[in-house]
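Have a look at the structure below before the remarks.
The values are calculated or read from the model by the stated rules, or taken from the named source; none is laboratory data. Small disclaimer: the values here were computed from a predicted structure and weren't measured. Note that each Cβ is placed from the backbone with ideal geometry, even for glycine, and that neighbours are counted across all protein chains shown. What goes into the accessible areas is simple: the full protein's heavy atoms, side chains included, and nothing from ligands, DNA or RNA. Shrake-Rupley method; radii C 1.70, N 1.55, O 1.52, S 1.80 Å.
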Amino acid sequence: MVVEHPPWSEGKRPVTLAMIGFLSRWVRRLSWRETARAFGTSWECVYRSVQWFVQWGLAHRKLEGMESIGVDEIHWGKSKGAKSFLTVVYQIDRHCRRLLWVGPKRTQATLRRGLASFVRL
């Protein structure tokens with residue numbers, strides 16, 4: 001018995017890596033539902049593609065050379081309580097601006113969890 005690994009697929013996924021990347025890029029412009037309809041696939045396929053791409057990006061993210069970070073709180077709910085906010089951590093260097101982490105609530109514990117998620121001790 002011979003087992004081969006085709007470079008365009010991962011495991012038993014029914015979608016190729018190229019399609020995962022394609023769908024993940026389109027959800028920047030369209031909603032997940034619109035992306036699924038436009039390309040003849042399911043909402044779940046779009047969701048799993050985005051999920052795979054985010055996990056891949058986190059695993060390959062390089063944090064070396066980071067000079068400055070910013071922390072912000074974004075209101076997204078209807079009430080004014082802490083549960084209606086997201087804590088957001090950004091890299092804000094001159095050469096690179098990117099989102100590093102998002103967490104629920106605006107508490108010190110949330111911020112500590114966010115900072116611990118990408119700081120290697």
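Data for the structure
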item	result
Condition check for T87: of a type in the set (V, I, T) and part of a helix (DSSP H, G or I)	no
In the stretch 90-121, the residues that are in a loop (DSSP other than H, G, I, E, B) and open to solvent by less than 100 Å² (accessible area, probe 1.4 Å)	D93, C96, K105, R106, T107, V119
Pair list, Cβ < 7 Å and 6+ apart or interchain, from the stretch 31-47 residues that are closer than 16 Å to G21 by Cα and small (G, A, S) to residues that are part of a helix (DSSP H, G or I) and open to solvent by less than 80 Å² (accessible area, probe 1.4 Å)	A36/C45; A36/V46; S42/A36
Failed condition for E34, given (1) over 17 Å from L111 (Cβ atoms); (2) open to solvent by less than 70 Å² (accessible area, probe 1.4 Å)	(2)
Qualifying residue in the stretch 60-70 (condition: basic (K, R), in a strand (DSSP E or B) and closer than 22 Å to F118 by Cβ)	no
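Yes/no per residue for (1) loosely packed, with under 10 Cβ neighbours inside 10 Å; (2) more than 24 Å from R25 (Cβ to Cβ); (3) of a type in the set (A, V, I, L, M):
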site: Q55; (1), (2), (3): no, no, no
site: E64; (1), (2), (3): yes, yes, no
site: D72; (1), (2), (3): no, yes, no
site: K78; (1), (2), (3): yes, yes, no
site: G81; (1), (2), (3): no, yes, no
site: S84; (1), (2), (3): no, yes, no
site: T87; (1), (2), (3): no, yes, no
